[in-house]
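Here's the structure, in structure tokens; my notes come after.
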Amino acid sequence: MREIIFDTETTGLDNRADRIIEIGGIELFNHFPTGNTIHIFINPGDQKVHPDALAVHGITDEFLKDKQPFAEVAEQILTFFGDAKWIAHNATFDMGFINAEFARIGLPPILPERVLDTLSMARRKHPMGPNSLDALCRRYGIDNSHRTKHGALLDSELLAEVYIEMIGGRQAAFGLSISGTSGQARHGETAMEDDVVIAAVLERPRPLAPRLSQIEEQAHEALVAKLGEKSVWAKYANLD
């Protein structure tokens, strides 16, 4: 199952007039990061960055002047997302902008059933809050000290870690890790080949020593002898 954890930065808060100026995304396959990402800055045309938005993400009009408009990067975005689920924190905001941009160039919207909102997830899981991305990073012990301003790719990376924690992914993946691109799994690793995740079984380098003492074994043998030849234990008494 493919999922894309993504985030956008915009010129302001009103998707009817404001525009997306940055999109970043992280690909997950069966809840494991694959290393595939998307990160694009976008020219908003005549729409200027609002001062309040500039204070949040630090992306200036001057920086965006030579970037491509949304119409020229839409295909790249759709190709990267493919049939994956779109996952964002406060997805109503991000999808409002995404679908507004698609509408401007005559593309259909992303349907709600393809979208997952991690803010709604967090509110159900932690009803007492707070549930901002920074607060969830603190809750789950995720280092976000390098997040001095919002950035679409950085926020996607942090949200991917938060999302995996919220669904219990680290516990499920205990002892497993993404291997190289060879498609082969060493003991305790995970390989990805032809869209299949293969979990290798962990093996001990040496078998554990028996934990029964000689006295305990002798006591068990005496008990089996008392039970007679028809007991279940008698069937296994001479297998060694």
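Some values worked out for this structure:
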item: Residue that is nearest to Phe70 (Cα to Cα), among those in the range 1-44 that are of a type in the set (Val, Ile, Thr) and over 24 Å from the mean Cα position of the chain (by Cα); result: Ile42
item: Helices (runs of 4 or more DSSP H) (entirely within the range 1-111) containing at least 2 residues that are among the charged types (D, E, K, R) and either under 25 Å from Asn131 (Cβ atoms) or free of Cβ contacts under 8 Å to residues at least 24 places away in the same chain (or both); result: 61-64, 70-81
item: Scan of the range 45-63 for residues that are over 29 Å from the mean Cα position of the chain (by Cα) and closer than 21 Å to Leu153 by Cβ, ordered by number; result: Val49, Thr60, Asp61, Glu62, Phe63
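Yes/no matrix, rows are residues, columns are (1) β-branched (Val, Ile, Thr); (2) under 23 Å from Arg147 (Cα atoms); (3) surrounded by fewer than 16 Cβ atoms within 10 Å (Cβ to Cβ); (4) in contact with a helix residue (DSSP H, G or I) (Cβ under 7 Å, 6 or more places away or on another chain):
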position	(1), (2), (3), (4)
Arg2	no, no, yes, no
Thr10	yes, yes, no, yes
Leu13	no, yes, yes, no
Phe29	no, no, no, no
His39	no, yes, yes, yes
Phe63	no, yes, yes, no
Thr79	yes, no, yes, no
Phe93	no, yes, no, no
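All of the numbers you see were taken from the coordinates with simple rules; none came from a lab. Predicted, not measured: the structure shown is a model, and the values here were computed from it. Using ideal geometry, Cβ is built from the backbone for each residue, glycine included, and neighbour counts are taken over all protein chains shown.
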